[in-house]
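The values are calculated or read from the model by the stated rules, or taken from the named source; none is laboratory data. Keep in mind it's a predicted model, so treat the numbers as computed, not measured. Don't worry about glycine lacking a Cβ; one is built from the backbone with ideal geometry, like all the others, and counts go over all protein chains shown. We work out accessible area using only protein heavy atoms, side chains counted, and drop any ligands, DNA or RNA first. Shrake-Rupley method; radii C 1.70, N 1.55, O 1.52, S 1.80 Å.
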Amino acid sequence: MRRMVRWGLAASGLALAVLGAVACVHLDGWAPRRSQTIRMKVLDAPVRVDFDDEGIPHIQTETDRDAARAMGIVHARDRLWQMEFQRRVGRARMAELVGEPGLAVDKFLRTIGVPAAAQRSYDALDADTRQWLEDYAAGVNAAVETWSGPLPPEFMLLRTAFEPWTAVDTMAWAKIMAWDLASNYQDELIRARLLREGLSAADVADLMPDYPQGAPAILNAVQPGKLSALLSAVDAAGLRGDPQASNSWVVAGSRTFSGKPLLANDPHLGTSAPSLWYLMHVKAPSFEVIGASLPGTPVVLIGRNSRVAWGLTNLMVDNQDLFVYETDPADSNRYLVDGRSEPFTIRVEEIRVKDAPTVTLRVRETRNGPIIDDIVSDPEPGPVMAFRWTGLDTEDPTLRAVIKMNRARNLEQFQEALKDWHSGAQNIVYADDVGNIAMFTVGAVPLRGLGNGTVPSEGAHSSHEWAGYIPAEELPRVINPKEGFIITANNKVVGDDYPYFISSAFAQPYRYQRIRDILEPARPITRQTMIAAQMSTISLHARQFAPYLRKARPDGATAQAALKVVQDWDGDMRADLVAPSVFSAWYRFLVRALAEDDLGKVFPDWWDEYPGFVDVAMRGAGSRDWCDDRRTPTRESCEDISTRALNEAVSWLRETMGPDVNDWRWGRLHTTFFPHRVLEKVAMAGTFFNIRSSQGGDSYTPNVSPPSWRKVPFEARHHPSYRQVIDMSDPEASLFIHGTGQSGHPFSAGYGSFNGRWQMGGFVPMQMGALSGRVSTTLTLEPAK
């Protein structure tokens, strides 16, 4: 898991003055009181919600349907604005909220068809799941109807009202979360650009490792300008893929101190204030569950019940493909497949824009999805590209799978629940109270005809189309391995003998290997062992490449001092160290020095960390001499390039952090930024809405913190968004936390209350039992007659 749409809205000083004035008057009233009794028509029976001293709700209901309603009520009372923003994105209605700045994301998501797919998937659900979503929506709306004070300040500042929540709003947000887990179509576009600019397949295999050199590339008809424009459109919509990661592992009782399994998970997503997650405990007649929920959805996505526990990591599946079609020369409203002419299906979208005229969008669709060219240009004769993604399928019962997981009592019931998982393919680790541990790969993984989806395919021949999905029973799984533990860290999950193609974008095994290095020799493994692995800031990536840095020939006293700090460095990316800053800045400039001269104008779209490429280039094992700068008359060695990168890095660090090398601590350069969606860039609002913390780690440490390269260099906007450590010998001693706080109200003490503990590796209790001494407030909900 890895990114989320973000918005920065420039607001006027007058709007902020109004906000400040209202805040002074209604500071307490903006967050609903948690200690009160409310009568609600929506309920069947009384509901009790005890908030512990960490702001975590413990919901007790007398009927199952009231459990869904109560989740909606509590989510809305603490995270209403977040939910409003999320459904605006999912329904592609941001322009209604922020005006023309929202058009880019609306056009993109309307073109690929996310809102329509959400409606289709809801309509295809079984009656029980639809009822669960409807009950949740009723709870959300009941919370707003009984709101005693003003709605959250964002509604006032943006001059918008709350519309009743619907079950399709939940489905739309689930689609966006699935989108957040998939971005391989962007890699297809970048590879296509590289190939169209004249690089060979072998060059592309160096630049984007795991690209098969013999893979077909049907690109002669696709104009480089259109490929560039599409990538720019993705950037403009805020939907560009970023570094992604997640860790999850489970240890059998044979290796633990207690003799029962331990399970750890930390999914890595884009930062936001408030966090995407909301900790919750629900006790209903037929189930009881605790863990991390996503406001807007009526489930605990990650967590445990009294018998089983689970965690998630992204499978990194390739579930998006582009298909190149030729339009019919005789009729631009048709396209060619297998020598036959087929009509485009035309869909018209009306996008309302705040303070501006409505925009009409005409979308052409093929048998393999919508034409994405129309995002960047008017329909015209010639080749076009269609987009296919599993998240647009009509049948998508993934929410039903999670509902059933929450209720599973044993391994068999849990496996049965997973059969419904479709979009957002995952590796799910599992542990239970009788000692089983397991890992299941779930979700729709395409079976392709010709090609493997690494570059756009030839739509003119149906032999390139998908032929269904890998059968669920043939997806990878491990149950009770002899080794005694299972680790998933977005690394490759199958060997080369696996008969199906899953992806060419698995993560490099740095995090996996570091976690294994901690677990393998540890006997017995305890909760503290699990926490130590989660919080490790040792970068095996830095250990691999630092020797190249040490061979540089520094120019001047400052560069010599900078090089000295990495001579005996062990690759620890701790926030208080200088060496991580020197290494990271050097590595960033090294990648540019290796590739910019060869890629030219394509370089900005391609530029990323790509350790596989750097390894090939620095070893001289690539398709060309990447260390030689084609722009100079001399032939540079890799040592020359390393030296150039160090001198450029030192110059940049001096300018950014001052002349004293001792001040170049990683935590000063590398901060984690939690932006408020929409109000991120409002002048003076950062004090109230945004959260920032100093951070160690990098893209390859278990305590992951990928530094940005494109926007604010080395600022982290991805993080371990949620951590849990579950002990099946004593479930009440289990722990969890997320990065900000439970409340979504910026003037509440609970808005960022977890951030300091999250940063330092702290947790809060994951308890379902007696809360003696920990109940802070009680919300009593009574049915109204």
Margin query: Rounded, prolate or oblate for the chain? Axes are the square roots of the Cα gyration tensor eigenvalues, ordered a ≥ b ≥ c, and the cut-off for rounded is a/c under 1.5.
Written below: rounded
Item checked: Under the Karplus curve 6.51 cos²θ - 1.76 cosθ + 1.60, θ = phi - 60°, whole-Hz ³J(HN,Hα) for region 458-465, x wherever Gly or Pro sits -> 7, x, 5, 10, 5, 5, 8, 6
Checklist line | lysines with Cα under 23 Å of LYS551, excluding same-chain neighbours fewer than 8 positions away | finding: LYS564
Notebook entry, point to check: Put +1 on the Cβ of each Lys and Arg and -1 on the Cβ of each Asp and Glu in the chain; which of SER248, SER332, ALA617 then has its Cα farthest toward the positive end of the dipole?
Noted result: SER248
Next item on the list: For a label point 7 Å from the Cα of GLU100 along Cα→C-beta, name the residues of region 155-193 whose backbone N is under 20 Å from it.
Entry: 158-159
Checklist line | Heavy-atom surface of the chain, accessible at 1.4 Å and reported per residue (Å²) | finding: 35 Å²
Margin query: Check which residues have an amide H placed less than 5 Å from ASN319's amide H, if you skip close sequence neighbours.
Written below: ASN184
Note to self: Among THR398, GLY382, GLN415, whose Cα projects farthest towards the positive end of the dipole of region 293-429, with charges put on the beta-carbon of Lys, Arg (+1) and Asp, Glu (-1)?
What the structure shows: GLN415
Notebook entry, point to check: In deg cm²/dmol, rounded to 500, what helix-only [θ] at 222 nm does the chain give when every DSSP H run of at least 4 residues adds -39500 (n - 2.57) and the total is split over its residues?
Noted result: -10000 deg cm²/dmol
Next item on the list: Quote the relative contact order of the chain in percent (integer), defining contacts as alpha-carbon pairs under 8 Å separated by 6+ residues.
Entry: 20 percent
Check: Sorted by accessible area (1.4 Å probe), largest first, how do ARG624, ARG347, ARG352, ARG69 line up?
Finding: ARG352, ARG624, ARG347, ARG69
Checklist line | Out-of-range pairs (alpha-carbon distance over 31 Å; input LYS283/LYS354; LYS107/LYS601; LYS175/LYS404; LYS260/LYS283; LYS260/LYS404) | finding: LYS283/LYS354
Check: Is region 441-526 rounded, prolate or oblate when judged by the Cα gyration tensor, a ≥ b ≥ c being the square roots of its eigenvalues, rounded requiring a/c under 1.5 and prolate requiring a/b larger than b/c?
Finding: prolate
Margin query: Using only alpha-carbon positions, what ratio does the radius of gyration of region 556-598 give when scaled by 2.2 N^0.38 Å?
Written below: 1.30
Notebook entry, point to check: R0 = 30 Å: FRET efficiency of THR634 with MET760, Cβ-based, nearest 0.05?
Noted result: 0.05
Notebook entry, point to check: Taking the alpha carbon gyration tensor of region 591-708, what are the square roots of 5 times its eigenvalues, largest first, to the nearest whole Å?
Noted result: 34, 17, 15
Next item on the list: At 7 Å along the Cα-to-beta-carbon direction for both SER341 and LYS551, put a label point, then send me their distance in nm to one decimal.
Entry: 6.1 nm
Notebook entry, point to check: Is the shape of region 581-628 best called rounded, prolate or oblate, per the rule: a/c under 1.5 gives rounded, else a/b larger than b/c gives prolate, else oblate, with a ≥ b ≥ c the square roots of the Cα gyration tensor eigenvalues?
Noted result: oblate
Note to self: Probe radius 1.4 Å, ligands and nucleic acids left out: which of ASP663, ASP50 has the largest accessible area, and how do the rest follow?
What the structure shows: ASP663, ASP50
Check: FRET efficiency for ALA356 and ASP568, Cβ-Cβ distance as r, R0 = 41 Å, nearest 0.05?
Finding: 0.10
Item checked: Student exercise, region 73-159 dipole from Lys, Arg, Asp, Glu Cβ charges, in Debye to nearest 20 -> 320 debye
Check: How much of the accessible area of the chain, in percent, comes from carbon and sulfur atoms when a 1.4 Å probe is used?
Finding: 50 percent
Checklist line | Accessible-area value, ILE38, 1.4 Å probe, nucleic acids and ligands omitted, Å² | finding: 10 Å²
